[in-house]
Structures are given as C-alpha cells and as structure tokens.
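The values are calculated or read from the model by the stated rules, or taken from the named source; none is laboratory data. Predicted model, so just to flag it, every value in this text is computed and none were measured. Glycine also receives a Cβ, built like all others from the backbone with ideal geometry; neighbour counts cover every protein chain displayed.
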Ligand SMILES: [Zn+2]
Ligand SMILES: [Zn+2]
C-alpha cells in the first residue's frame, strides 16, 4: 500500500508528535484501555476492517472505547472478564455528532465489511450515544445485535 504525499506528511507529523498510528486514521492513544495500563493491542484483522469502514464511511470516528484489559473490562462491562473488547476485536464509536440515518447506514456498511456484533446505544443524551461493533468469530459467539 502506498501513501499519498499528503498522508505521508501527516503520518510523519503525527509520529513526531509522539502518537503512534495503528492504521491511517487511528492512533494507539484513542484505542488504548482507559484504566491507565497502556494496553492498546488490537487484533490486526479487526483494525483492517475498521479502517475499511472508516474509508467507506468518509467521516472521522470518535472512539469511546477500544482495547480493554481484563481487569478494566470486569469493572465496567456486564461481560466481565471475557468481553470481546479484551480481545482487541471491538470498538464503541460515538454517534454524538452524526444523524440516526448516518448511524444506520454505518451499521449496514459495517455488516457488508463483515462485522458480526452490534450494540446500539441511541437513546438518552447525545454525547452518551454510541455504536459498538465487533468481529466476533463463531468460536466467541454467533452474530449478535443488542441494545443497551
Ligand atoms: Zn487497562
Ligand atoms: Zn463495546
């Protein structure tokens, strides 16, 4: 894959700023566990698919939650220790600043790319709304859709 001149300059700039890029549009900082453990290790396939989704969506994603260590996941998730965020195969994308139509379209695009888990939080205060997407394999659980 070759980077355009503009993307190349951006990559160098961001790297010099001390922020590591995981893919063209996602940094380790935004994907890192929020507990302070510095774990930002995401699954390669998942990140390839997430970048593909970002490319077709055409707008920036604000990631509310990416990687979670087992300890942190147990504190904040109903899935306790085994949640799919602990495998680096899930992100929660804020839908604070996109319309419901855009959100539904994003889910459709994600499904086309091959994501198989969708959690929807589209009620309450806008800033708390998000879409969870993951690429759970059949060994984790069958494809799933749920609301929070
Ligand atoms: Zn952690
Ligand atoms: Zn999630």
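Key figures
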item: Candidates 61, 115, 46 - the one that is in contact (Cβ under 8 Å) with a residue 60 or more places away in the chain and assigned to a loop (DSSP other than H, G, I, E, B); result: 115
item: Selection count where residues are within 13 Å of ligand 2 (Cβ to nearest atom) and out of contact with any helix residue (DSSP H, G or I) (no Cβ under 8 Å at 6 or more places or on another chain), scope the range 104-119; result: 1
item: Qualifying residue in the range 60-80 (condition: over 12 Å from the mean Cα position of the chain (by Cα), surrounded by fewer than 17 Cβ atoms within 10 Å (Cβ to Cβ) and away from ligand 2 (no atom under 16 Å from the Cβ)); result: yes
item: So residue 8, is it touching a helix residue (DSSP H, G or I) at 6+ places or on another chain (Cβ under 9 Å) and either at pLDDT 95 or above or more than 16 Å from ligand 2 (Cβ to nearest atom) (or both); result: no
item: Filter pass, residue 129 being closer than 13 Å to residue 93 by Cβ and in contact with a strand residue (DSSP E or B) (Cβ under 9 Å, 6 or more places away or on another chain); result: yes
item: Residues being surrounded by 14 or more Cβ atoms within 10 Å (Cβ to Cβ) and closer than 25 Å to residue 87 by Cα - total across the range 98-127; result: 15
item: Qualifying residue in the range 90-103 (condition: in contact with a strand residue (DSSP E or B) (Cβ under 6 Å, 6 or more places away or on another chain), within 14 Å of ligand 2 (Cβ to nearest atom) and touching a residue at least 60 places away in the same chain (Cβ under 8 Å)); result: yes
item: Filter result (within 16 Å of ligand 1 (Cβ to nearest atom) and either part of a helix (DSSP H, G or I) or exposed (fewer than 13 other Cβ atoms within 10 Å of the Cβ) (or both)) within the range 81-97; result: 81, 82, 84, 85, 86, 87
item: Matching entry among 110, 90 (being closer than 26 Å to residue 38 by Cα and at pLDDT 90 or above); result: 90
item: Some residue of the range 138-146 being under 15 Å from the mean Cα position of the chain (by Cα) and within 14 Å of ligand 2 (Cβ to nearest atom); result: no
